[in-house]
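Chemist: Could you have a look at this structure, given as structure tokens, before my questions?
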Amino acid sequence: TPVQIKEFGAVNKIDFSPVPPYNYAVTASSRIHIYGRYSQEPIKTFSRFRDTAFCATYRDDGRLLAAGSEDSIIRLFDSGGKAPLRQFEGHTKPVHLVGFLSDKYRIFSGGDDYSSKLWDIPSAAEITSYSEHTDYVRCGCASKVNADVFITGSYDHTVKLFDARTKGSVMTIEHGHPVESVLLFPSGGLLVSAGGRYVKVWDVLKGGQLLVSLKNHHKTVTCLCLNSSGQRLLSGSLDRHVKIYSTTSYKVVHSFNYATSILSLALSPEDETIVVGMTNGVLNVKHRKPEEKNEKSQKKRQPAYRTYVKGRTYMPKQEDFCVSKPVKRVLRKYDKLLRGFQSSKALDAVLEPPIMLHTPEVTVAVMQELHRRGTLRSALAGRDEKQVNLLLTFVARRVIEPRFTPVLVTVADMITDIYQPVVGQSAIVDKQFLKLQEVIGKEIDYQEELLEVLGMMDTLFATFTKKRDTCLEENKSNGLTEVIETNTNY
């Protein structure tokens, strides 16, 4: 639920202190009120203004506060004191813009006399004055990347980028409407300007190229704000709405509705509090709902031992219906590796001595699966002397087994192709290749002898078959003759 605080006049600026406890300064009428995050009454007030105060802004360390005024004087306050530490006099009309450069020792300002000025804090002297705008200078910001760069926005529809080391503006951007607010991204590469119904994003590094033009409000956009990470851009308008944009897509991701027109807007450094100032002098403070922390549940008392052993000795009766507990299937190491498409590691897993010696069919099955997937060659390649020796030992031992021969012959061919260039470099590998050659040579000799025997047996079987066929034909012919003779007699 938002907190509503009534001020003495329209709230023209809200600024959060960049250091804990993240108090915020509210400029309204002729006073600056400092509020704590959850306080509904000001914890400090600066009231040394003869007329309306404008744009109270904190320095990066939160120790100093600068503000402009209707009487054209800029005042510098210590956040712990009351009286102004310095007064900067040089503008001839009301000063609506005051800010600190990132070096913390200089202040820039802009007024209704169309001028922008740079001031030295220790001496309270004017360093430079720029008179390039042709209308009121009402907004601005300083670069956090370069201590000499600051930006001003004016009712002459332009945004100008100044460098303190030069005598004139470095860049001019034409917004197209009176500029109410400007904002630099933390990187310093993107600039956001608000004026009329438009929020526009410009690329400073490309010479002020327009990237996006957003028209989501129905009336003049008065204020802009970024969250701490730079992922959300907030805009407030006279149409009583605050729009929240994503800085990646520049689409509206959220919207807040308020009672009257919005003049100022600020977000706390931790993105926990959003404060909106309105034309009727009401300050609206919303806090993010705290995340509900899961209460640590008390540790449950473990069941007694008898609970676990209960029913262990029970024997089922004949009429009982037994429900078997599903057995969890545990995958073997090589199966897990195959599921993860780690071919080489899967092959290593099945080349371990216990598997090769006791269940060689598993090793061959994995090789066959890798060959089916087309990854067998890559799994066999890139192995050292010890691993190649292990592979060749297995192949030489099992290649003569008929159930493994088709797969292991393919494996032997691949190993020979892959490791042919290294033959002669290792005596152990050469010895295994010779052993494999000898085993295959012997197997071929056996096969030849078997083929000869098979040929002889085929001849014998063929001879037996012919004799048997002849006997059957003679019996058949005799039987037919007898039947014919019987029929004739009848």
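Chemist: State yes or no: is VAL439 part of a helix (DSSP H, G or I), in contact (Cβ under 8 Å) with a residue 24 or more places away in the chain and open to solvent by less than 90 Å² (accessible area, probe 1.4 Å)?
Modeler: So VAL439 passes the test.
Chemist: Hey, another quick one. Can THR393 be described as assigned to a helix (DSSP H, G or I) and more than 46 Å from the chain's Cα centre (by Cα)?
Modeler: yes
Chemist: Anything in segment 135-161 that is assigned to a loop (DSSP other than H, G, I, E, B) and either more than 35 Å from the chain's Cα centre (by Cα) or of a type in the set (Gly, Ala, Ser) (or both)? List them, or say none.
Modeler: Of everything in segment 135-161, those that are assigned to a loop (DSSP other than H, G, I, E, B) and either more than 35 Å from the chain's Cα centre (by Cα) or of a type in the set (Gly, Ala, Ser) (or both) turn out to be ASP135, TYR136, SER143, ALA147, TYR155, ASP156, HIS157.
Chemist: Continuing with the same structure: State the number of residues belonging to segment 420-436 that are out of contact with any helix residue (DSSP H, G or I) (no Cβ under 6 Å at 6 or more places or on another chain) and surrounded by 16 or more Cβ atoms within 10 Å (Cβ to Cβ).
Modeler: Summing the residues that are out of contact with any helix residue (DSSP H, G or I) (no Cβ under 6 Å at 6 or more places or on another chain) and surrounded by 16 or more Cβ atoms within 10 Å (Cβ to Cβ) in segment 420-436 gives 1.
Chemist: Let me ask something else about it. Going through segment 351-367 one residue at a time, which ones are assigned to a helix (DSSP H, G or I) and surrounded by fewer than 17 Cβ atoms within 10 Å (Cβ to Cβ)?
Modeler: If the condition is that a residue be assigned to a helix (DSSP H, G or I) and surrounded by fewer than 17 Cβ atoms within 10 Å (Cβ to Cβ), then PRO353, PRO354, LEU357, HIS358, GLU361, VAL362, ALA365 are the ones that fit.
Residues checked against (1) in the same structural domain as GLN425 (by the TED database); (2) among the aromatic types (Phe, Trp, Tyr); (3) under 25 Å from VAL439 (Cα atoms):
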site: SER324; (1), (2), (3): no, no, no
site: LEU337; (1), (2), (3): yes, no, no
site: GLN342; (1), (2), (3): yes, no, no
site: VAL364; (1), (2), (3): yes, no, yes
site: ALA381; (1), (2), (3): yes, no, yes
site: ASP384; (1), (2), (3): yes, no, yes
site: ALA412; (1), (2), (3): yes, no, yes
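Chemist: Quick one: would you say ILE127 is under 26 Å from ARG63 (Cβ atoms), open to solvent by 50 Å² or more (accessible area, probe 1.4 Å) and modelled with pLDDT of 90 or more?
Modeler: yes
Chemist: Looking only at segment 372-407, count how many residues are open to solvent by 70 Å² or more (accessible area, probe 1.4 Å) and closer than 12 Å to SER344 by Cα.
Modeler: 3
Chemist: Shifting gears a bit: Of all residues in segment 209-234, which are open to solvent by 40 Å² or more (accessible area, probe 1.4 Å), over 23 Å from the mean Cα position of the chain (by Cα) and of a type outside the set (Lys, Arg)?
Modeler: Correct list: GLN209, LEU210, LEU211, SER213, ASN216, HIS218, THR220.
Chemist: Additional query: Can you say whether LYS144 is of a type in the set (Lys, Arg) and buried (at least 20 other Cβ atoms within 10 Å of the Cβ), as far as the supplied structure shows?
Modeler: No: the conditions fail for LYS144.
Chemist: Report those strands (runs of 3 or more DSSP E) wholly inside segment 41-113 carrying at least 3 residues which are in contact with a Gly (Cβ under 6 Å, 6 or more places away or on another chain) and either under 18 Å from GLY277 (Cβ atoms) or open to solvent by less than 10 Å² (accessible area, probe 1.4 Å) (or both).
Modeler: Per the criteria, 53-58, 95-100.
Chemist: Follow-up. Under 7 Å by Cβ, and 6 or more places apart or on different chains, what pairs join a residue from segment 14-28 that is under 18 Å from ALA53 (Cα atoms) with one that is acidic (Asp, Glu)?
Modeler: TYR24/ASP15; ALA25/ASP15; VAL26/GLU7; ALA28/GLU7
Chemist: Mind counting the residues in segment 1-36 that are at pLDDT 90 or above and acidic (Asp, Glu)?
Modeler: So the count comes out to 1.
One line per residue, one yes/no per condition, for (1) of a type outside the set (Gly, Ala, Ser); (2) without any contact (Cβ under 8 Å) to a residue 40 or more places away in the chain; (3) open to solvent by 20 Å² or more (accessible area, probe 1.4 Å):
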position	(1), (2), (3)
GLY207	no, yes, yes
GLY236	no, no, no
HIS241	yes, yes, yes
SER249	no, yes, yes
TYR258	yes, yes, no
SER264	no, no, no
GLU270	yes, no, yes
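Chemist: Applying the selection to segment 311-352, what residues are of a type in the set (S, T, N, Q) and either closer than 30 Å to GLU369 by Cα or under 52 Å from the mean Cα position of the chain (by Cα) (or both)?
Modeler: Listed by number, the residues that qualify are SER324, GLN342, SER343, SER344.
The values are calculated or read from the model by the stated rules, or taken from the named source; none is laboratory data. Remember, it's a predicted structure, so these values are computed and weren't measured experimentally. So basically every Cβ, Gly included, is an ideal-geometry build from the backbone, and we count neighbours across all protein chains shown. Calculation scope for accessible area: heavy atoms of the full protein, side chains included, ligands and nucleic acids excluded. Shrake-Rupley method; radii C 1.70, N 1.55, O 1.52, S 1.80 Å.
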